[in-house]
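Here is the structure we will look at.
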Amino acid sequence: MAEIDLQLRDTNLTSWEQEPINLSAQIQSHGVLLVLEEPELKILQVSNNTASIFGISPEDMLDCTLEDLLDPFQVDRFRAGLTEENLDFINPTKVWVRKDGDDFVVFDSIFHRNSDGLLILELEPAISQENIPFLSFYHLARASINQLQSTSTLSDFCQIIVKEVRQVTGFDRVMLYKFDEDGHGEVIAEEKLEGLEPYLGLHYPESDIPKVARKLFSSNWIRLIPDAYGKSAELFPAYNPISERPLDLTHSILRSASPCHIEYLHNMGVGASLTISLIKDNKLWGLIACHHQTQKFVSYELRKACEFLGRVIFSEISSREETEDYDYRMKLTYIQSILIDYMSQDENFMDGLVKHEPNLLDLTTAQGAAICFGDNCKVVGETPTEEELSFLIQWLKKNITREVFYTDSLPRIYSDAEKFKDVASGLLAIAVSERNYVLWFRPEVIQTVNWGGNPGQAFETKHSEGRVRLSPRKSFELWKQTVRLKSLPWKQVEIKAALELRKVLINLILRQADELAELAQDLERSNAELKKFAYVASHDLQEPLNQVANYVQLLEMRYEKQLDEDAKDFITFAVEGVSLMQTLIDDVLAYSKVDLKGIEFELIEVETALDQALGNLRGRIGESGAIITQDDLPTVMADSTQLMQLFQNLVGNAIKFRSQQPPKIHIGAKRLEDAWLFSVQDNGIGIDPQFADRIFVIFQRLHTRDEYHGTGMGLAICKKIVECHRGRIWVESELGQGATFYFTIPVGRREYERRNGRKA
Ligand code: BLA
């Protein structure tokens, strides 16, 4: 078994694919084509085989009218029919053309108007003079449909179609050919003459039926090539005298097949072919392909009957396919409703998608799934590693513009995926917003595909007379291919389920954004109130306070002699109260001043901020005999005044809450992935871990004012400063064991990219 790359998109083929085969200006010579000018029905163009078919040279036919060729009563019938919009009512009509003397030839006549509005009449020799009675055809269709209803699977269904078509037409081989998503196709049902080699289960490359041919099939549902070895007839004159260009033969029944396809038929040993399109939702779903080893003509009526049979039966197939999907779709809808419940119950909706049964995996029958919202990723089942996921998402961001993306062979379009093919050869992804994705994964499933001939050599290119000519392969012998790096494909229902989830997530995010906006508004309001209060406090409250202090002190000075010791103590308490009140006011003011709007981010040396803080604390450091050591300190993006304040408060606390020994304080700095981690470690009295969170709350004190001075604002201010820098602050400590305060300052995005290299 061999492995090949099925990239057939060679430039030659692509340019060839655009060649307009509908303008070939050749027809199959078993019939005659006439282009008529209305209303006189004058002959403007004719195929050049008229002499052999009814004994008149093409030259002689030009400028004649139809009346010169047919009996007037036949022409009158046509004239009446041609006034109708829909020409199907007169198609086909039997006509008698005089050949020699009293010798008549009978034809089926078929009219249509082409894209230039030119009336085209095609005459095919009639095999019988009778029309097929409609009722017998009706019985045929009904019998097949009755049979269909008792079958259960799609392949049984298709088998009946090919059997019926073969019975009605008598072709040596009748196949049902179904297109895959990628354009190649497979024979999924076959009825054939015994002794012929089976094609059932064989795959054929996309290039066997080029896009132009497929496009023609969507407008012309049935094509007959009764003699693959027959000669073609040219149109005379080649250019239409009215439109002055080659005739558009898109809807012609006689148009010659392209030479490449004729060669294909020869190579396959086919003498005649009939092809019927099967269209679903305006897309070519598949074909009924009939082969005969020798010439074979099928009347227009019987062809139409087959087309009808194909349509009726195929509509049954489509609805059957849909019912098969239906149960699965119902199941997925049920899972989706459970997921929505989980999402609303769990505190974090992402947990709701991964933590329970059923979960994200069940929504698309995947083996792994990941929800990546910003930097936060939750996974379930078998997935690539966190790092691989983050690179994959970068790639998706760059390459995927649609809301949903799916592939059953990720490694072929994203080569890094080869490393994790065992978990993610298949990927289904929805983009909830620019930064948010949900991904599902399927592992590699190694398959063997049987091809009708080596698909890597589906055609040969020949250069002759400066032109490139394509010719199909000569051998259609079974060619086995091992397909790797592929998962089971994603079904449309699964993709739809993913898209439904996307809608739900978008609504959820919008709602959260609303709530956040409301919270932000509340916060802003309370910040503004706090600021107003702080302003009032600092100005309006200071004044009466000063007044109290001044008058009490005045009292002490003036009446010193009259006052006893108690009265003096009372005055001292009053003055102390006033000064505590003033400190409180100053602290509240300082707290209110720390806010994001007031921050001036700049690249600063942490060392400088620390030095200033230690300078401010000089007195207390000297008094306490504190020994302060430090690591090398980096530069960060921060507000220098606030950083200084932060160190001052933390070092100040370390001195204040010292134990019996002289304080030893160490300032540390450590680089994390995307932030700097700073620490201030002391050997003081420590903090009971149960209070570790409470100490950062405004006005919370663990000690009485008698034990330690202060307002209880210092750490609340620290927390606010750190949070305004998008960092975190916390303490690790044991009572009596000293304490270490940690805080982080994120590194700037540019700094981050510089150190880590830009991720592609
Ligand atoms: C057309 N190729 C076709 C058709 C079929 C196939 C069914 C339509 C037939 C018709 O119009 O009557 C292919 N036939 C198959 C396959 C099976 C079968 C796959 O029975 C499987 C059992 N074909 C090539 C190459 C070229 C090519 C290399 O293999 C050139 C690039 C061209 N095929 C080609 C063209 C047509 C065609 C141009 C349209 C013919 C026409 O309408 O003029």
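The values are calculated or read from the model by the stated rules, or taken from the named source; none is laboratory data. Just so we're clear, the structure is a prediction, and the values are computed from it rather than from any experiment. Backbone-built Cβ (ideal geometry, glycine too); neighbour counts: all protein chains shown.
Residue-by-condition table, conditions (1) closer than 30 Å to Thr365 by Cα; (2) surrounded by fewer than 13 Cβ atoms within 10 Å (Cβ to Cβ):
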| residue | (1), (2) |
| --- | --- |
| Ser464 | no, yes |
| Thr482 | yes, yes |
| Leu485 | yes, no |
| Lys496 | yes, no |
| Lys503 | yes, yes |
| Leu508 | yes, no |
| Ala517 | no, yes |
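Just one of the numbered conditions (1) in a loop (DSSP other than H, G, I, E, B); (2) farther than 27 Å from Asp325 by Cβ is not true of Arg223: (1). Regarding the range 175-190, can at least one residue be identified that is at pLDDT below 90, at positive phi and not polar (S, T, N, Q)? There is at least one residue in the range 175-190 that is at pLDDT below 90, at positive phi and not polar (S, T, N, Q). Based on what the data block shows, is Ala289 assigned to a strand (DSSP E or B) and either near the ligand (Cβ under 9 Å from one of its atoms) or hydroxyl-bearing (Ser, Thr, Tyr) (or both)? Judged against the criteria, Ala289 is a match. Residue-level check: of (1) in a helix (DSSP H, G or I); (2) crowded, with 19+ Cβ neighbours inside 10 Å; (3) not assigned by TED's automatic domain parsing to the domain that holds Met175, Tyr334 misses just (2).
Selection of the range 436-463 for residues being part of a loop (DSSP other than H, G, I, E, B), within 30 Å of Thr401 (Cα to Cα) and of a type outside the set (A, V, I, L, M) yields Pro443, Glu444. Out of everything in the range 672-701 that is assigned to a loop (DSSP other than H, G, I, E, B), among the hydrophobic types (A, V, I, L, M, F, W, C) and within 21 Å of Asp586 (Cα to Cα), what residue ends up being modelled with the lowest pLDDT? The extreme case among them is Phe699. The C-beta contact set for the range 458-472 (first residue free of Cβ contacts under 8 Å to residues at least 24 places away in the same chain and not assigned by TED's automatic domain parsing to the domain that holds Gly185, second residue within 14 Å of the ligand (Cβ to nearest atom) and hydroxyl-bearing (Ser, Thr, Tyr), distance under 6 angstrom, 6+ apart or interchain) comprises Glu460/Ser471. One residue stands out among those in the range 176-206 that are among the aromatic types (Phe, Trp, Tyr) and near the ligand (Cβ under 6 Å from one of its atoms): the one that is surrounded by the most Cβ atoms within 10 Å (Cβ to Cβ), which is Tyr177. For the range 150-164, name all the residues that are without any contact (Cβ under 8 Å) to a residue 24 or more places away in the chain and loosely packed, with under 15 Cβ neighbours inside 10 Å. Residues satisfying the conditions are Ser150, Ser152, Thr153, Asp156.
Taken together, the residues in the range 406-423 that are within 23 Å of Leu501 (Cβ to Cβ), part of a helix (DSSP H, G or I) and within 16 Å of the chain's Cα centre (by Cα) amount to 1. Just one of the listed residues (Ile242, Ile222) is touching a Lys or Arg at 6+ places or on another chain (Cβ under 8 Å) and not assigned by TED's automatic domain parsing to the domain that holds Ser57, namely Ile222.
So, Glu307, is that one surrounded by fewer than 18 Cβ atoms within 10 Å (Cβ to Cβ), assigned to a helix (DSSP H, G or I) and within 16 Å of the ligand (Cβ to nearest atom) or not? Considered against the rule, which asks whether it is surrounded by fewer than 18 Cβ atoms within 10 Å (Cβ to Cβ), assigned to a helix (DSSP H, G or I) and within 16 Å of the ligand (Cβ to nearest atom), Glu307 comes out as yes.
Residue-level analysis places Tyr199 among those that are over 30 Å from the mean Cα position of the chain (by Cα) and among the hydroxyl-bearing types (Ser, Thr, Tyr).
Restricting attention to the range 325-342, does a residue exist that is touching a residue at least 24 places away in the same chain (Cβ under 8 Å), closer than 24 Å to Tyr204 by Cβ and out of contact with any Pro (no Cβ under 7 Å at 6 or more places or on another chain)? So that I can check it myself, show each step before the final result.
First pass over the range 325-342, keeping only residues touching a residue at least 24 places away in the same chain (Cβ under 8 Å): 325, 328-329, 332-333, 335-336, 339-340.
Narrowing the set further to residues that are closer than 24 Å to Tyr204 by Cβ leaves none.
So far as the range 325-342 goes, no, none of its residues is touching a residue at least 24 places away in the same chain (Cβ under 8 Å), closer than 24 Å to Tyr204 by Cβ and out of contact with any Pro (no Cβ under 7 Å at 6 or more places or on another chain).
Identify, from the list Gln45, Gln26, the residue that is modelled with pLDDT of 90 or more and in contact with a Pro (Cβ under 7 Å, 6 or more places away or on another chain).
Gln45
Taking only the range 253-268 into account, find how many residues are assigned to a helix (DSSP H, G or I) and either aliphatic (A, V, I, L, M) or within 7 Å of the ligand (Cβ to nearest atom) (or both).
Taking the range 253-268 and keeping what is assigned to a helix (DSSP H, G or I), we get 259-268.
Adding the requirement that they be either aliphatic (A, V, I, L, M) or within 7 Å of the ligand (Cβ to nearest atom) (or both) leaves 260-262, 264-265, 268.
Qualifying residue count, the range 253-268: 6.
If the requirement is being at pLDDT below 95, buried (at least 17 other Cβ atoms within 10 Å of the Cβ) and under 30 Å from Met61 (Cα atoms), which of these qualifies: Ile242, Ile253, Ile225, Ile209? Outline the logic, then answer.
Details: Ile242 fails: buried (at least 17 other Cβ atoms within 10 Å of the Cβ); Ile225 fails: at pLDDT below 95; Ile209 fails: under 30 Å from Met61 (Cα atoms).
The conditions single out Ile253.
Inspect all residues belonging to the range 239-252 and state whether any of them is among the β-branched types (Val, Ile, Thr) and assigned to a helix (DSSP H, G or I). So far as the range 239-252 goes, no, none of its residues is among the β-branched types (Val, Ile, Thr) and assigned to a helix (DSSP H, G or I). All conditions but one from (1) modelled with pLDDT of 70 or more; (2) more than 16 Å from the ligand (Cβ to nearest atom); (3) hydrophobic (A, V, I, L, M, F, W, C) apply to Val162; the one that does not is (2).
Going through Tyr559, Tyr535 one at a time, which residue ends up being surrounded by 12 or more Cβ atoms within 10 Å (Cβ to Cβ) and over 24 Å from the mean Cα position of the chain (by Cα)? Step through it out loud before you land on a result.
On the way: Tyr559 fails: surrounded by 12 or more Cβ atoms within 10 Å (Cβ to Cβ).
One residue alone meets the criteria, Tyr535.
Ile717 falls short on exactly one of the conditions (1) hydrophobic (A, V, I, L, M, F, W, C); (2) modelled with pLDDT of 95 or more; (3) under 20 Å from Trp730 (Cα atoms), and that condition is (2). Take the conditions (1) in contact (Cβ under 8 Å) with a residue 40 or more places away in the chain; (2) surrounded by fewer than 19 Cβ atoms within 10 Å (Cβ to Cβ); (3) hydroxyl-bearing (Ser, Thr, Tyr); Ser273 misses just one of them, which is (2). Which residue, of Cys372, Cys377, is in contact (Cβ under 8 Å) with a residue 60 or more places away in the chain, closer than 25 Å to Val504 by Cβ and in a strand (DSSP E or B)? Just one listed residue meets the conditions, Cys372. Within the range 464-483, being more than 9 Å from the ligand (Cβ to nearest atom), modelled with pLDDT of 80 or more and outside any loop (DSSP other than H, G, I, E, B) holds for Leu478, Trp479, Lys480, Gln481, Thr482, Val483.
Any residue in the range 456-476 that is closer than 18 Å to Asp180 by Cα, over 24 Å from the mean Cα position of the chain (by Cα) and among the small types (Gly, Ala, Ser)? Spell out the reasoning first.
Keep residues of the range 456-476 that are closer than 18 Å to Asp180 by Cα, which gives 456, 458.
Retained after the next criterion (residues that are over 24 Å from the mean Cα position of the chain (by Cα)): 456, 458.
Within this subset, residues satisfying the condition of being among the small types (Gly, Ala, Ser) are 456, 458.
So far as the range 456-476 goes, yes, one or more of its residues are closer than 18 Å to Asp180 by Cα, over 24 Å from the mean Cα position of the chain (by Cα) and among the small types (Gly, Ala, Ser).
Per the conditions (1) touching a residue at least 60 places away in the same chain (Cβ under 8 Å); (2) among the β-branched types (Val, Ile, Thr); (3) more than 24 Å from Arg469 (Cα to Cα); (4) within 14 Å of the ligand (Cβ to nearest atom), the sole criterion not satisfied by Ile242 is (4). Listed by position, the helices (runs of 4 or more DSSP H) inside the range 560-634 whose residues that are free of Cβ contacts under 8 Å to residues at least 12 places away in the same chain and more than 21 Å from Gly652 (Cβ to Cβ) number at least 3 are 565-593. Residues in the range 642-663 that are without any contact (Cβ under 8 Å) to a residue 60 or more places away in the chain, crowded, with 17+ Cβ neighbours inside 10 Å and of a type outside the set (A, V, I, L, M, F, W, C): Gln648, Lys656, Arg658, Pro663.
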